[in-house]
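Below is one structure; the comments refer to it alone.
What follows draws every value from the coordinates through simple rules; no lab data is involved. These figures come from a predicted structure and were not determined experimentally. With ideal geometry, Cβ positions are generated from the backbone for all residues, glycine too; neighbour counts draw on all protein chains shown.
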Amino acid sequence: MICSILQPTFFPWSGYFNIIAKSNKVIFLDDAQFSKNSWHNRNKVLSNNKKKWITIPLKKSSINTSISSKRTDSSKDWKSKIINNINQNYSQCKFYSNLSDLLNYFSMIEDNQLSEINIKIIKFICDKLNIQTEFILSSKFKIKALRTEKIIKILNNINATKYLSPIGSKDYLLKDDFKNKTKIDLEFNNFTCKPYHQKNSKEFIDYLSIIDLIGNVGWTDASTYVKK
């Protein structure tokens, strides 16, 4: 059984969904420590041929706050701002109606818990991309270990036989000697953004939120793209 462990991020990029599509089970690491200026509450879209951040403003908290404990700043109309930003930059795209489905769903999410907002968006996108897998919250295991030790304990809890890891985790997993601490196979997922048509873009700009892919190619081709 192939398992991946992913931190719930805001409107993730295509490679995030590629890992999900290859996994039988996905563990959302919702009890991981929140990182300021990370993908946890922001991502990039295309604006005037340049990358531009869309960001969820959050209430201040201690440095050790988990993603699941972070709350949105309700004093700001951040959701409308994000939706208007996306509309301004993608309303002329060929598959804007597909993107509009996602934005309508996003607008109706009433949760103020960061991890829940991200997870709901991810699950909605997976459903539209016809990606079927089982999702589990890491917080349900109540594991206090850190880094590789925590990953191994989670994998043992669900009887995983292979761990499909993002390539960005390679250095610390090898440094922590993952392969000699468990019999679970380790594979690194190295997804590359292949060029696709981007409206009003002179040259292909990669590693954007999946918002860009959906608006430019639609749900059907986006499904094929992330499953490559």
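Values as computed for the structure displayed
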quantity	calculated
Cα-based convex hull, the stretch 1-79, per residue volume (Å³, whole number)	103 Å³
Unit Cα scatterers, Debye sum, the stretch 168-228: log10 I(q)/I(0) for q = 0.16, 0.17, 0.18, 0.22 Å⁻¹	-0.66, -0.69, -0.72, -0.87
Greater than 25 Å apart at Cα, pairs in LYS36/LYS228; LYS25/LYS153; LYS123/LYS181; LYS50/LYS128; LYS22/LYS153	LYS36/LYS228; LYS123/LYS181; LYS50/LYS128
Helix-only mean residue ellipticity at 222 nm for the chain, each DSSP H run of n ≥ 4 adding -39500 (n - 2.57), per residue, nearest 500	-11500 deg cm²/dmol
Antiparallel bridge percentage (DSSP; both residues within the stretch 21-165; nearest 5)	70 percent
Centroid-to-centroid separation of the stretch 164-228 and the stretch 35-90 [C-alpha atoms, Å]	21 Å
Nitroxide proxy distance, nm - points 7 Å out along Cα→Cβ at ASP221 and SER97	1.6 nm
The chain: Cα Rg divided by the 2.2 N^0.38 Å rule of thumb	1.02
Estimated FRET transfer efficiency (ASP77, LYS123; beta-carbon r; R0 30 Å; 0.05)	0.75
At q = 0.22, 0.24 Å⁻¹, base-10 log of I(q)/I(0) for the stretch 38-117 (Debye sum, equal scatterers on each alpha carbon)	-1.11, -1.24
